[in-house]
Amino acid sequence: MKITGIRTFLMHAGPPRPSKWAPPQKREGTRNWLFLKIDTDEGITGIGECSGWPRVVETAIKDLAPLLVGEDPTHIEKLWQKMAIAMMGHGMLGTVGGGAMTGIDMALWDIKGKVLGVPVWNLLGGKLRDRIPIYSHANTIEQALSLKARGIKALKCSGVSDPVRKVDMLCEAVGDDMDIAIDLHGPPWMTPADACRVVRRLEPYELLWVEDPIAPDNVEGYRRIRDAAHVPLAAGERAATIFGERQLIEEELVDVIQPDTGRAGGITQMKKIAAMAEAHHIQMAPHSGSLGPVAEYAALHLLAAIPNALVLERIDDDWDGRSSVIVPHPVQEGGSLAVPEAPGLGCDIDEEFVARFPSEGNLSVPVEESANVYAPGTYGERLYVQTRLSRRRYFNT
Ligand SMILES: [Mg+2]
């Protein structure tokens, strides 16, 4: 079997509602989804998905495609290494290179599963579980209670401006029936000293985890937070490959590692990252905040097959297009998704639906009137500076 070509499918992916982080001149969401298909001379096609600045990643895929045409798609590790070496001249792999290789790697696993007639989880060592628990996002009491009513057992809130107060409010609302995590989004303005104080204040709430309390570039800063508070820490969504995640794992700076299924280097790398984490008793909860549904399928196969799977991020009510683009729909019952049973990844995209939503740029900036992002009247001072003006809000309850 030989690879004959790679096709990419780039789309603008809602949500079609006002966003606090909109591109200039727009009030819509800013995500792009990038899918790809690898074709072979035997008529079997593999599908994958990439993140890590999708419009740029699409160009990288087109550069990589000639390396793959004519190759046997079942030699996945060999092709992964071939791509990595080809990109050496561009510097460290990062998330653009990682994103391109992720979609290609994912599609190669899909092809291999289809060739052998087995689901991808079977190729990864078999299944430990039939269902994967999910968590979703909630920032208001109404949203939290809605998740609880649907049988979802865990939620994550966003704590850019007032994390302690928000956690206090949500814990009070849902009681002990749901686990709660909070994502501080690795803000560049949060110093390790302030992060230590915030995380200590969060200690009594028995959170599932505190995510990215400081900028991910400051890996050493995690040691200070680790030493300051007994709270499970999570990080890793912005890194790629085993090399990007290595320090967090080897120095046991986190309790939960969160590689992004669309840019961490593919199933090949995710499986290795999971094994590295397992050796340090660290659990895995893949990041999927801006990802589409093909990467979600890949995560389900991986989490079915690794012993240290914790939970999968899932935002399923953000845009109707999420369910329109994928066939078949993932099967969610209450707080978990069924592990797919069809050969390969077990999914396909609706190419005509994708074509209806051409990409319209992919950078986001907070809009001026967004009170939760900018303090009133401080838009001109830019986010990095002005957030310090409301520092005390971090510590309020
Ligand atoms: Mg995050």
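Karplus-based coupling profile of segment 8-14, in residue order and whole Hz: 10, 9, 9, 9, 7, 10, x, with θ = phi - 60° in 6.51 cos²θ - 1.76 cosθ + 1.60 and x standing for Gly or Pro. Within the straight-line cut-off of under 13 Å between alpha carbons, the aspartates and glutamates reachable from residue 78 are 105, sequence neighbours fewer than 8 places apart in one chain being disregarded. All other residues whose Cβ lies under 12 angstrom from that of residue 56 are scored, Lys and Arg at +1 and Asp and Glu at -1, for a net of +1.
Remark on the chain: Rg and Dmax equal 20.6, 63 Å (Cα only). Using θ = phi - 60° in the Karplus curve 6.51 cos²θ - 1.76 cosθ + 1.60, the 3J(HN,Hα) couplings for segment 170-181 round to 6, 4, 4, 6, 9, x, 8, 7, 10, 7, 10, 10 Hz; x is entered for Gly and Pro. Label point of residue 128 set 7 angstrom out along Cα-Cβ; within segment 307-345, amide nitrogens under 15 Å from it belong to 307-312. A Stokes-Einstein calculation at 37 °C with viscosity 0.692 mPa s, built on the Kirkwood radius of segment 199-244 over Cα pairs, returns a diffusion coefficient of 289 µm²/s. Helix 54-68 and the longest principal axis of the Cα set of the chain meet at an angle near 30°. For residue 177 and residue 88, the FRET efficiency from 1/(1 + (r/R0)^6), where r spans their Cβ atoms and R0 equals 56 Å, is about 0.65.
Between amide H atoms placed 1.01 Å from N, distances below 5 Å from residue 312 occur with 134, 135, all of them 5 or more places distant or on a separate chain.
Pairs of Cα atoms under 8 Å, at least six residues apart: use those to get the relative contact order of segment 3-118, whole percent. Across segment 3-118, relative contact order equals 29 percent. Distance between the 7 Å Cα→Cβ label points at residue 252 and residue 63: 4.0 nm. Taking other residues whose beta carbon is less than 12 angstrom from the beta carbon of residue 353, and scoring Lys, Arg as +1 and Asp, Glu as -1, yields -3. Dipole check for the chain: with +1 at the C-beta of Lys and Arg, -1 at the C-beta of Asp and Glu, and the Cα centre as origin, the magnitude is about 660 Debye. Counting neighbouring beta carbons within 10 Å and listing from fewest to most, the residues 261, 45 come out as 45, 261.
Counting only alpha carbon atoms, the long axis of helix 266-278 and the longest principal axis of the chain meet at about 50°. In terms of surrounding Cβ atoms within a 10 Å radius of their Cβ, 353, 9 rank from fewest to most as 353, 9.
Too long at a 25 Å Cα-Cα cut-off: which of 112/272; 2/82; 62/127? The answer is 62/127. Dipole magnitude for segment 110-240: computed about the Cα centre from +1 point charges on Lys and Arg Cβ and -1 point charges on Asp and Glu Cβ, it is near 480 debye.
Beyond 25 Å, how much of the Cα-Cα pair distribution for segment 3-118 remains, as a whole percent? The share of Cα pairs beyond 25 Å in segment 3-118 comes to 28 percent. Listed by chain and number, the lysines placed with their C-alpha closer than 23 angstrom to that of residue 156 are 20, 148, 166; residues fewer than eight positions away on the same chain are left out. Distance between the C-alpha centres of segment 98-163 and segment 286-304: 4 Å, rounded to the whole angstrom. With the Cα gyration tensor of segment 122-345 giving a ≥ b ≥ c as the square roots of its eigenvalues, does the rule (a/c under 1.5 for rounded; else a/b larger than b/c for prolate; else oblate) give rounded, prolate or oblate? It comes out oblate by the Cα gyration axes.
Using the Cβ-Cβ distance between residue 350 and residue 217 with R0 = 41 Å, the FRET efficiency computed as 1/(1 + (r/R0)^6) comes to roughly 0.60. Of all DSSP beta bridges confined to the chain, the antiparallel ones make up roughly 55%. Evaluating 6.51 cos²θ - 1.76 cosθ + 1.60 at θ = phi - 60° for every residue in segment 30-41, the Karplus couplings come out as 10, 6, 10, 10, 10, 10, 9, 10, 9, 9, 10, 6 Hz, glycine and proline recorded as x.
A short reminder: the numbers here are calculations on the coordinates, not readings from a lab. Quick caveat, the model's predicted, so the values are computed rather than measured. Counting neighbours? That spans all protein chains shown, and the Cβs are built from the backbone with ideal geometry, glycine included.
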